[in-house]
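Report on the structure given below.
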Amino acid sequence: MSNLSKLLNQKTPIWFMRQAGRYLPEYKEIRKKERNFLNLCFNPDLAAEISLQPIKRFGFDFIILFCDILVIPYALGKKVDFKEKLGPILEKTKNVKEFKSLNYEISMEKLSPVMETIKKIKKQKPEINLIGFCGGPFTVLTYMIEGGTSKNHLLVKQKIKEDREDFKNLIKIITNLSIKYLESQIISGANIVKVFESWAGLLDERDYEDFIIKPNKKIQENLKKKFPSIPIIFFPRNSGYNIFAFIKNIDCDILSLDKEFPKELLNLAKEKKITLQGNLDPQILIEGGKKLEDEVKKIMIEFSNYDHIFNLSHGILPITPIKNVEKTIEIVRNFNEAKKSY
């Protein structure tokens, strides 16, 4: 069970998206020895060590599992590779017929090293909340159809326009496996889970309902049936005003925010008892100095009357100076101490 409520009552806790990884010198040392990123995700000893590196260095309030959202396509039988400076390269998905012989048990077996990682982390740090995660079904499918990262997502847009039903069926497969995957993470020891719907901002209202709201709602409802006390974080990135439809239809425990968001969301979140997470711009974290200090303080003040977890509006960037991470944590914790004295 998560002790999130107790934590929120004591202070504004802090962690960063992608806190385990590429900006840390100790992570870079491991990467010199293991160049294959997918092998690293499936090596429980190394993945557990990487997950714990930012805890040892900074004392963050949450551990985030070191893994990647694209283990799902791999588990579905697709070739997945990660090329330096290029990013993920996937065997392209054309239609649902490619998965006619899909066996979810076999897919979950491929993901079993991730569960071993979680068990190893919890054995070493049982007292700290561990966040497991998966990619949002739409986001994962964009990578599968495009064959990797895309600037214009033309293949995805074309697929939705020309073969909407097939697209829906592909989303269903990813959603079903994601549910099984998150359930296993929770059983293995994850106290909180997060769904990264990174490409939610691509879709208009109708498509947003079909491909963002419906699959995320299915994940939420299935997990809550089995694990009612486990908090779920949703991050429907760049949703704009679609975010209101999202929280109207999905009972979020925690909502991750972009650097810009509709301010009306604050009171609605309070009314719905949603904890808000965010929302420092990762670019400002790189810049540092007075600009960083002012922005961190501004965020702390803006969210001071709401349940809030301090975080970034997206993942920490590789060139982020360590001293700026340390400074951010110091400001947040000093603010907490000052608030206690009132």
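At 222 nm, what value in deg cm²/dmol follows for the chain if DSSP H runs of at least 4 each add -39500 (n - 2.57) and the sum is divided by all its residues, to the nearest 500? Display every interim value, and only then the final one.
Numbers: 17 runs with 176 residues, N = 342.
That comes out to -15500 deg cm²/dmol.
Under 10 Å, Cα contacts only: if you run a Gaussian network model on the chain, which one of Ser112, Ser101, Ser229 comes out with the highest mean-square fluctuation?
Between Ser112, Ser101, Ser229, it is Ser101 that shows the largest mean-square fluctuation.
Please tell me which of these pairs span more than 20 angstrom C-alpha to C-alpha: Lys94/Lys168; Lys33/Lys83; Lys79/Lys110; Lys110/Lys168; Lys168/Lys218? Write down the numbers at each step before the final one.
Numbers: Lys94/Lys168 13 Å; Lys33/Lys83 16 Å; Lys79/Lys110 13 Å; Lys110/Lys168 24 Å; Lys168/Lys218 13 Å.
Over 20 Å apart, Cα to Cα: Lys110/Lys168.
Given springs between every Cα pair under 10 Å in a Gaussian network model of the chain, which of Glu26, Glu295, Glu162 has the largest fluctuation?
Highest fluctuation among the options: Glu162.
When the Karplus curve 6.51 cos²θ - 1.76 cosθ + 1.60 is applied with θ = phi - 60°, which whole-Hz ³J(HN,Hα) does each residue of region 292-307 get, with x for Gly and Pro?
These are the phi-based 3J(HN,Hα) values: 5, 4, 5, 5, 5, 4, 4, 5, 4, 6, 4, 9, 5, 9, 10, 5 Hz.
Have a look at Pro126, Pro231, Pro113 and tell me which one the Gaussian network model of the chain (Cα, springs below 10 Å) gives the largest fluctuation.
Between Pro126, Pro231, Pro113, it is Pro126 that shows the largest mean-square fluctuation.
Quick one: ranking Val80, Val71 by accessible area, 1.4 Å probe, largest first, what do you get? Don't jump to the answer; show the numbers that get you there.
Numbers: Val80 20, Val71 0 Å².
Final ranking, largest accessible area leading: Val80, Val71.
What size of dipole, in debye to the nearest 20, comes out for region 180-308 about its Cα centre when the only charges are +1 on Lys and Arg C-beta atoms and -1 on Asp and Glu C-beta atoms? Intermediate values should be presented prior to the final figure.
Values: 20 positive and 21 negative charges, 101 e Å.
Using Cβ point charges on Lys, Arg, Asp and Glu, region 180-308 gives about 480 debye.
Which of the following values of Kirkwood radius over Cα pairs in Å was calculated from the structure shown: [x] 20.5; [y] 26.7; [z] 21.3?
Correct label is [x].
Across region 134-146, in residue order, what do the Karplus-derived ³J(HN,Hα) couplings come to in whole Hz, using 6.51 cos²θ - 1.76 cosθ + 1.60 with θ = phi - 60° and x for Gly and Pro?
Couplings: 8, x, x, x, 5, 4, 4, 5, 4, 5, 5, 6, 6 Hz.
Counting other Cβ atoms within 10 Å, keep those with at most 13, restrict to DSSP loop, and tell me which GluC sites (Glu not before Pro) in region 221-282 are left. Intermediate values should be presented prior to the final figure.
Numbers: sites: Glu221, Glu260, Glu264, Glu271; in loops: Glu260, Glu264.
Those that pass, being in a loop and sparsely packed, are Glu260, Glu264.
Could you tell me the accessible area of Asp294 in Å² (1.4 Å probe, neighbours in place), rounded to the nearest ten?
The value for Asp294 is about 70 Å².
Please report the spacing between the Cα centers of region 266-342 and region 197-227 in Å, no decimals.
27
Rounded to a whole number, what % of the accessible area of the chain do carbon and sulfur atoms account for, probe 1.4 Å?
Values: 7770 of 15830 Å².
Looking at the chain in its full context, I get 49 percent from C and S.
In Å², and per residue, what accessible area does the chain have when probed at 1.4 Å with the other protein chains present? Numbers along the way, then the final one.
Values: 15830 Å² over 342 residues.
For the chain, the solvent-accessible area averages 46 Å² per residue.
Out of Ile286, Phe303, Pro262, whose Cα points farthest toward the positive end of the dipole of region 254-342 (charges: +1 Lys, Arg; -1 Asp, Glu; placed on Cβ)?
Phe303
Taking the Cα centre as origin and putting +1 on Lys and Arg beta-carbons and -1 on Asp and Glu beta-carbons, what dipole magnitude results for region 123-174, to the nearest 20 debye? All intermediate terms of the calculation are to be shown ahead of the outcome.
Working: 9 positive and 6 negative charges, 24 e Å.
For this selection, approximately 120 debye.
Classify region 66-133: rounded, prolate or oblate, from the alpha-carbon gyration tensor (a ≥ b ≥ c, eigenvalue square roots; a/c under 1.5 rounded; otherwise prolate if a/b is larger than b/c)? Write down the numbers at each step before the final one.
Working: a/c = 3.30, a/b = 1.63, b/c = 2.03.
Oblate, since a/c reaches 1.5 and b/c is not below a/b.
From the Cα gyration tensor of region 253-342, with a ≥ b ≥ c the square roots of its eigenvalues, which class applies: rounded if a/c is under 1.5, or else prolate if a/b is larger than b/c, or else oblate? Don't skip to the answer; put the middle values down first.
Working: a/c = 2.22, a/b = 1.35, b/c = 1.64.
Since a/c reaches 1.5 but b/c is at least a/b, the shape of region 253-342 is classed as oblate.
Explain nothing, just the number: dipole magnitude of the chain about its Cα centre with +1 on each Lys and Arg Cβ and -1 on each Asp and Glu Cβ, in debye rounded to the nearest 20. Show your work: numbers first, answer last.
Details: 57 positive and 44 negative charges, 90 e Å.
Computed about the Cα centre, the dipole is about 440 debye.
Once you have a ≥ b ≥ c as the square roots of the Cα gyration tensor eigenvalues for region 185-303, tell me rounded if a/c is under 1.5, and otherwise prolate or oblate according to whether a/b is larger than b/c. Walk me through the numbers before you get to the answer.
Details: a/c = 1.86, a/b = 1.44, b/c = 1.30.
Taking the square roots of the gyration eigenvalues as a ≥ b ≥ c, region 185-303 is prolate.
What residue among Ser184, Ile171, Thr117 has its Cα farthest toward the positive end of the dipole of region 106-191, where the charges are +1 on Lys, Arg and -1 on Asp, Glu, each on the Cβ?
Highest projection toward the positive end goes to Thr117.
As a test question: what accessible area, to the nearest 10 Å², does Glu209 have when a 1.4 Å probe is rolled over all protein chains in place?
90
The values are calculated or read from the model by the stated rules, or taken from the named source; none is laboratory data. All figures in this text were calculated on a predicted structure; none of them were measured in a lab. Cβ: placed from backbone, ideal geometry, glycine included. Neighbour counts: every protein chain shown. The protein model used for the area step is the full one, side chains on, heavy atoms only, and it has no ligands, DNA or RNA in it. Shrake-Rupley method; radii C 1.70, N 1.55, O 1.52, S 1.80 Å.
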